[in-house]
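> Supplied in structure tokens, the structure appears directly below.
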């Protein structure tokens, strides 16, 4: 999950570099997207943490299959 977030962060930084060329709207849009993604990542982290403490198997929709293949290689 963290590797996906790092890649997403790099892509968003490049996109926001272009948005900063727009005086007010670019900064406002950056702030809104950053807040939504930060809150979303925090909520996802808490959900995964609770599932882990409960001992439940929980697979994320997109990266879950990839992570499961990596775990089976060991």
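> Roughly what would the spin-label model give for residue 2 and residue 15, points 7 Å off Cα along C-beta, in nm?
With each label point 7 Å from Cα toward Cβ, the separation is 2.4 nm.
> When semi-axes √(5λ) of the Cα gyration tensor in Å is calculated directly from the model, which label among [x] 32, 16, 7; [y] 18, 13, 12; [z] 23, 13, 10 fits?
Comparing each candidate, only [x] matches the computed number.
> Okay, helix-only estimate at 222 nm for the chain: each DSSP H run of n ≥ 4 adds -39500 (n - 2.57), divide by all residues, round to 500 deg cm²/dmol; what do you get? Walk me through the numbers before you get to the answer.
Numbers: 3 runs with 58 residues, N = 74.
Helix-only estimate at 222 nm: -27000 deg cm²/dmol.
> Separation of the stretch 1-41 and the stretch 54-74 by C-alpha centroid, Å?
Each part reduced to its Cα centre gives a spacing of 27 Å.
> Something else now. Tilt of helix 25-54 relative to the longest C-alpha principal axis of the chain, in degrees (0 to 90, nearest 10)?
10 degrees
> Follow-up. Output the 0 to 90 degree angle, nearest 10, between the alpha-carbon long axis of helix 64-73 and the longest principal axis computed from the alpha carbons of the chain.
Compared with the principal axis, the helix lies near 50 degrees.
> In degrees, nearest 10, range 0 to 90: what is the angle between the Cα axis of helix 2-19 and the longest Cα principal axis of the chain?
The angle comes out near 10 degrees.
> Between 36, 11, 62, where does the largest GNM mean-square fluctuation fall for the chain, given springs only between Cα atoms within less than 10 Å?
Ranking 36, 11, 62 by mean-square fluctuation puts 62 first.
Throughout, read-outs are computed from the coordinates displayed, never taken from laboratory work. This one's a predicted model, so the numbers in the text were calculated from it and none came from an experiment. Cβ: placed from backbone, ideal geometry, glycine included. Neighbour counts: every protein chain shown.
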